[in-house]
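Structure first, then comments.
The values are calculated or read from the model by the stated rules, or taken from the named source; none is laboratory data. Only a predicted model underlies this, so the values are computations on that prediction, with no experimental measurement involved. We place every Cβ from the backbone using ideal geometry, glycine too, and count neighbours over all the protein chains shown. In case anyone asks, the SASA skips ligands and DNA or RNA and just uses the protein heavy atoms, side chains included. Shrake-Rupley method; radii C 1.70, N 1.55, O 1.52, S 1.80 Å.
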Amino acid sequence: SEFEVLCKELCEGLSNQKTFDYAKIDELKETLCHHYPKIHDVKISLPRTGLVIKPLLAWKTNHQANWWRDHNAVKHDRFAYYHLSNLENAIASLSALMAINLYAHKQFGVTIETFPQVLDAVYLPEELLSGSKVALPDFNK
């Protein structure tokens, strides 16, 4: 998944030496949580619905997120777990991807040029927010 690929890129950037090509999500989670101990606090919102999601909250208690576990179940046995291909998991997984993208942009110093139309985060540039700019949980303002 794109989430996993981006997590690997982040981990490799943080470690400078180690390759994470064959790393499992638990190893990626451990590395990211070590370097970004507040990553589980990232909030992503769907402004049209008022829904606010913390897609990595399970990492706070060293667990896999439900949406990730369900994604893997569907990936390995689509017919048995088709019922897990639902809107809740789709929103949660896209929210997690947005959260990891925000960390990647911050870590690698890349400016965000294309902004989301459906998901939102208070960590986006100030001109897109109605309030003040807020720092990602692991970065000072």
_Could you go through the stretch 53-67 and let me know if any residue there is part of a helix (DSSP H, G or I), open to solvent by 80 Å² or more (accessible area, probe 1.4 Å) and within 20 Å of HIS105 (Cα to Cα)._
no
*Selection from the stretch 1-41 of residues that are in a loop (DSSP other than H, G, I, E, B) and surrounded by fewer than 15 Cβ atoms within 10 Å (Cβ to Cβ)*: SER1, ASN16, GLN17, LYS18, THR19, ASP21, TYR22, LYS24, PRO37, LYS38
*Any idea which of (1) in a loop (DSSP other than H, G, I, E, B); (2) more than 29 Å from SER15 (Cβ to Cβ) is the one HIS83 doesn't satisfy?*
(1)
*asked:* If I filter the stretch 42-52 down to residues being in contact (Cβ under 8 Å) with a residue 60 or more places away in the chain and either open to solvent by 60 Å² or more (accessible area, probe 1.4 Å) or out of contact with any strand residue (DSSP E or B) (no Cβ under 8 Å at 6 or more places or on another chain) (or both), which single residue comes out as nearest to ASN140 (Cα to Cα)?
replied: VAL42
*Would you check if ALA99 is modelled with pLDDT under 95 and assigned to a helix (DSSP H, G or I)?*
yes
_Residue count for the stretch 68-125, restricted to those that are of a type in the set (Gly, Ala, Ser) and either within 13 Å of the chain's Cα centre (by Cα) or surrounded by 19 or more Cβ atoms within 10 Å (Cβ to Cβ) (or both)_ = 8
*Working carefully through the options GLU88, GLU127, find the one that is closer than 22 Å to ARG48 by Cα and modelled with pLDDT under 90.*
GLU127
_Looking at the stretch 73-83, can you tell me whether even one residue there is within 19 Å of GLN117 (Cβ to Cβ) and of a type in the set (A, V, I, L, M)?_
no
